Amino acid sequence: QTVTNKVIQKGNPKTGKGQGRQQMIIKQINSPRSNTQRQGKTRRKTGKCYRLTILCDVSVCNLYSPHNMKQVIADNEFLGRGNLGNGVQELMGTPVGDRNNWSISNYFYLQVLAACFYPALLEDDSLPLDVKQRAESLLRECDGGSVGSYTDSSGITKIKHCVSQFITRRDGGVPSSPDNIFIKSGSQTIMLKLLIHSKDSCQTGVLIPVPTYASFIIALEEQGAAIIPYHLCEEQGWTLQVEELRKALHTGRKTCNPVALYICNPGNPTGHIQSRKSIEEVIRFAAEERLFILADEVYQSCVYGDDTEFYSYKKVLSEMGSTICSTVELASFNSVSKGFMGECGLRGGYMELVNLDPAVKEYASRLFSARSCPPVVGQIALDLMADPPKPGDPSFPTFSEVGSRASKEVFAELPGISCQPLKAGFFVFPCLHFSLKAIKWAKKRQMEPDMLYCLRLLEETGLHVRPGCEYGQRKDSHHIRFVHCHCCELLHVCEW
């Protein structure tokens, strides 16, 4: 019975000599014999006998046998963002939520960033006054007046205050403390490190929605967490139903220790948004089951429709009964990569912690401090997102948020496609209704039907969309994820 696997390092790490690796498997011997009777090296530990078997020398890049490596690839085939566009001469659109790929730019952000990187531009008369003032203010917070300097590990203090004020305005006066704000690229991963205990005898579980985007699944697997899926109800506009959460939690507790509930609101790839009532129900459920809430709210500024409003989990929690509002633990996330700013490559975001025990928060601070400071350019972008130009500022006329086209009506005109109403976010997730013949044709080619559809769509039209099988979906259902900000004319090439 194999009880553990480990890779050991041989040689002198200082000189670099003898740096080959050996893979060692420790096997428990169920019926120990005397040392003279046993073959191979042995070690006694807690009354049990273990045999150390050196399997083979392996290089740094070949820790798996070819067979095992193929299995790893197969197990993770749906993860990542493989380039479906290889070999296509001309692509129409992009499958990712990157504003820069849509030829949408905001000159205020670009001008401030440029002035911070090249302060000589502050003498240029072509820059608006508010751009110069903001750049000068930000440079004063950087050591040596340079964006190339280190900052505090949790972010520049002034920017943390700016983010805190943004949250307070957003939530209608609910107070936010800069001490609870952590600026990082990759805050979710650090939070998972705090919650997930790989040394526990029982694997730590996290409830996640289906469908969801693959990068969070990758982060969970990297931390060794057990994934507990709960399905959103497509027929009711991708709503989150507490009964489905209870069902998933009951199933998960048979194999792991569930500690956290991950929420994506507004949703990716579904484009849904939770009502206040739905959020209250989820918070009560988390309180009853003692679950930590991870609220991914990066699309909060992309909300469409007169009857649609974004409510943050923190705001709703603060207005519930004193017992719940002071005990439910919450981490909420926002980012410059998403929302109306959409600067994906700048890598700036924040996490706000609510109701954490002081000792736990101190430990979280140490985890953050173990890493270097977040990229300064991302911190600057976060400051600009949290405090954009106001009416009366010189840059306000050129500052605008991204609007949305009503994609549901367009998809409704296409045969074989249905789509739930778009409420928020960058994406729509229409359902494809294939004939039985089409499904059999795809299976004959050992492909998911929606993956084959995306490939054919790409080959014949150049339109690049992603298959629903990458995000998770109910059995025998098929979807595509589409960036709704593309021109409606592009959608008509989906007809078959």
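Rule-based calculations on the coordinates, nothing more; no lab input. Predicted model only: the values in this text are computed from it and were never measured. So basically every Cβ, Gly included, is an ideal-geometry build from the backbone, and we count neighbours across all protein chains shown.
A crude spin-label estimate for the pair Thr157 and Gln446, with each label 7 Å from Cα along the Cβ direction, gives 6.1 nm.
Magnitude of the Cβ-charge dipole of the stretch 140-386, K/R +1 and D/E -1, about the Cα centre, nearest 20 debye?
Details: 23 positive and 28 negative charges, 107 e Å.
I would put it at about 520 debye.
Of His433, His161, the sequence from fewest to most neighbouring Cβ atoms within 10 angstrom is His433, His161. The HN-Hα couplings worked out from phi for the stretch 385-392 by the Karplus form 6.51 cos²θ - 1.76 cosθ + 1.60 (θ = phi - 60°) are 5, 6, 9, x, x, 10, x, x Hz, whole numbers, x standing for Gly and Pro.
What fraction, in whole percent, of alpha-carbon pairs in the stretch 237-333 exceed 15 Å separation? Considering the stretch 237-333, 61 percent of its Cα-Cα pairs are separated by more than 15 Å. Spread over its residues, the convex hull of the C-alpha atoms of the stretch 140-386 is 128 Å³ per residue. Considering the stretch 197-272 at the alpha-carbon level, its Rg and Dmax are found to be 12.7, 41 Å. In sequence order, the stretch 126-134 has phi-based couplings of 6, 7, x, 4, 5, 5, 5, 5, 5 Hz under the Karplus curve 6.51 cos²θ - 1.76 cosθ + 1.60, θ = phi - 60°, and Gly or Pro positions carry x.
Distance between the pseudo-spin-label points of Ser275 and Val210 (7 Å out from Cα toward the beta carbon): 2.6 nm.
If a spin label sat at a point 7 angstrom from the Cα of Leu110 along the line to its beta carbon, the backbone N atoms of the stretch 119-142 nearer than 15 Å would be those of 127-128.
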